[in-house]
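Where a number appears in this text, it was derived from the coordinates with a stated rule and is not lab data. All figures in this text were calculated on a predicted structure; none of them were measured in a lab. Here Cβ is always computed from backbone atoms with ideal geometry, including for glycine, and neighbour counts include all displayed protein chains.
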C-alpha cells in the first residue's frame, strides 16, 4: 500500500517558528523550536552539482518534502502500534509522495507554492527513468547496498548515509525538472503529520461527495467536517474514487494546507504551553531541515504567510495514467514546458515592475493549474480574525 504525506507539514513546522518571531514571543521559545529540528548538510554537498540553476538573492526557494519513512527523524523504527495508527503497517518502502517548491519573497510579498505529482516520470541520476517519488528511495537503497558491500556493517550508519544520498538526488532531480535553485530543504515524515494534526485539534475540510477508499483508509461523508490523525492522513493520500487520481489528490493536499495553516494560527498553539510542547515533540520526531536554514531569518521573510495567503499551482502534465515499460502508471511531462510554467508562476527572484508586466502580457503560462484556497481570509497573529471573505473551507472532490 502506497502512502502519501500532506504537502503542508514542513511548511507548518517552519511557519510556527515564523509566527513566534513575528509576534514577539520569547527568543527562548524560538530557540526551543530550532533546537527541536533535526538538520542535514544535504545542500552543502550540492555545491558541485553540474548544471545547477543559478542562485539569486531576491527570494527563498524551499523544497518541502513529505516522506513516508517508517522511522522517526533520528532513524529509529516506529513501533507497530504507531504504524497501525498511521494505517501504513503493511508498507516498508520509502517514498517522497509530496514534493512542493515554496518561494518566499524577501520583501514579504505573496508566496507561491508549486506541487509536483508523485508519479511524474523523470530521469534519476546514475539510474533509469522512475517516478519522482522514488528518487530518494531507490538512491537510498542502492547506496546502502553498496556501503554494505564495502564493509560498512553498522545499519544506523548505512541508513544515515543512504538518507543523505537520497536527499541529494531528489534535490538534483527537482532542480533539473523545474529550473529552480533550491535554497533550503525541509522534510517531514508521516508520524509528524499525525502528531501535528492532533496537537492543533484537527483541520476543517469539506467534500462535495461522500467517498471511500480501503487502500488509504478513507471513509468520509459529504460536507464540512473536522479530521485529524489517521483520518487526516487518509484524506490526503486517497487516490482511488476521486477525479483525476494523483492530480485530484494534490488539490486536496493544497486545500488541506490552507486550512491547517489557518487552524495553527487560530488554535492558540503557540501561546498554549501544552500545545506548544506537543508541537515541539512533533517537530523533534519528524522534521529534518538543511543546516543553513535559520528559522529566525526565515521568520522575518515569511511574515506575509501569516494570513495563509499562498497561491498554489501544479506543474503542467502531458499525460495521466500512461504506462512505462514495466507496466507502472505514470504521469508524463514536457520538461521545457514545466520550466516555462514554473518561471511564469514564480516570476523572477528579483523582478522589476516593467519586467514582470512584460512577462505577464507576452508570455502566457503553459496549461498547468493555479488555485487560491485562502479565500481572502486574514487572521491576526494572536489568532483572532481581522477579515474573512469566505466562511468555512472550500469543498473539493
task = Would you please put 316-328, 138-150 in order of how densely packed they are, using the mean number of other Cβ atoms within 10 angstrom per residue and starting with the highest?
result = 138-150, 316-328
message = Regarding segment 132-268, what's the average projected area of the Cα-atom convex hull, expressed in nm²?
response = 10.7
√(5λ) per eigenvalue of the Cα gyration tensor, segment 189-262, largest first, Å = 18, 13, 12
task = Take the Cα coordinates of segment 83-201, assign each an equal point scatterer, and use the Debye formula without solvent to give log10 I(q)/I(0) at q = 0.11, 0.12, 0.13, 0.22 Å⁻¹.
result = -0.47, -0.55, -0.64, -1.30
